[in-house]
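The values are calculated or read from the model by the stated rules, or taken from the named source; none is laboratory data. This is a predicted model, so every value here is computed, not measured. No Cβ is skipped: glycine too gets one built from the backbone with ideal geometry, and neighbour counts run over all protein chains shown. Side chains are part of the model used for accessible areas, which takes the heavy atoms of the whole protein and leaves out ligands, DNA and RNA. Shrake-Rupley method; radii C 1.70, N 1.55, O 1.52, S 1.80 Å.
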Amino acid sequence: TPVQVRLILVDPKRVELSLLEGIPHLVAPVAHDAKEAAGLLRWAIREMERADVYELPVIANLFVHHEQEEVAERLMLKHAGKTRDTGVLHWLANLYLSRDDKASTLGMLDRIFRSTPNFEGYQQIRDLARQLGRWDALRPELLALLDKPHYSYLLIQIYLDEKEIDQAIEALKSEQGY
């Protein structure tokens, strides 16, 4: 429906999209020159900035699909600092991974992990940090973050995965108050 799907159409040749002029799905009349198209893109960016944080990855994907990756990235980065929702960070991590930008991917994965620590996130960080030669510096920071009673199960799981049985036993003892 026109409420669910809104379109911005650009037809520089003034031929291909003339049949669609006036359909209810259009945000504005079909743009025929770069100035009109740029104005419509600015409007779309303002709309995205107002969008609910849960809608942002979907909207950003639309920009990427229409070859506006830099715009999508800039908007997602702007929202990444404003929200505790990790969906924006996951979107950015996937973008950087698709570019094979391992350092930026690691940065996003680290932010996600610090927000919502979990075993899979730890493994992803470990694998990527090892590839970048940064694991020895990063590992102590992550383990210190997890050295809290409510993360004891995760810490034990990590120690067991890394074949550090003595540390797993110590973590278990401290969790049980021994």
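Can you tell me which condition ASP100 does not meet? The list is (1) modelled with pLDDT of 90 or more; (2) open to solvent by less than 90 Å² (accessible area, probe 1.4 Å); (3) outside any helix (DSSP H, G or I), and all the others hold. If we test ASP100 against (1) modelled with pLDDT of 90 or more; (2) open to solvent by less than 90 Å² (accessible area, probe 1.4 Å); (3) outside any helix (DSSP H, G or I), just (2) comes out false.
If I filter the range 9-43 down to residues being among the hydrophobic types (A, V, I, L, M, F, W, C) and assigned to a loop (DSSP other than H, G, I, E, B), which single residue comes out as least open to solvent (accessible area, probe 1.4 Å)? Among those that are among the hydrophobic types (A, V, I, L, M, F, W, C) and assigned to a loop (DSSP other than H, G, I, E, B), it is VAL30. Residue-level check: of (1) within 24 Å of VAL58 (Cα to Cα); (2) at pLDDT 95 or above; (3) of a type in the set (Lys, Arg), ARG84 misses just (2). Yes or no: ARG84 closer than 26 Å to HIS150 by Cα and outside any helix (DSSP H, G or I)? Here the answer is yes, as ARG84 does meet what is asked. Here the range 44-57 is the region considered, the condition is being surrounded by 13 or more Cβ atoms within 10 Å (Cβ to Cβ) and either over 20 Å from ALA93 (Cα atoms) or out of contact with any Ser or Thr (no Cβ under 9 Å at 6 or more places or on another chain) (or both), and the residue that is modelled with the lowest pLDDT is ALA51. Taken together, the residues in the range 154-178 that are of a type outside the set (Asp, Glu) and in contact (Cβ under 8 Å) with a residue 12 or more places away in the chain amount to 10.
Table: residues versus (1) of a type in the set (Ser, Thr, Tyr); (2) in contact (Cβ under 8 Å) with a residue 12 or more places away in the chain.
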residue	(1), (2)
ARG42	no, no
HIS66	no, no
GLU70	no, no
LEU95	no, yes
THR105	yes, yes
LEU109	no, yes
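Restricted to the range 135-163, and to residues there that are modelled with pLDDT of 95 or more and open to solvent by 80 Å² or more (accessible area, probe 1.4 Å), the residue that is farthest from the chain's Cα centre (by Cα) is LYS163.
When the range 16-74 is limited to residues that are under 21 Å from THR86 (Cα atoms) and aromatic (Phe, Trp, Tyr), the one that is nearest to the chain's Cα centre (by Cα) turns out to be TYR54.
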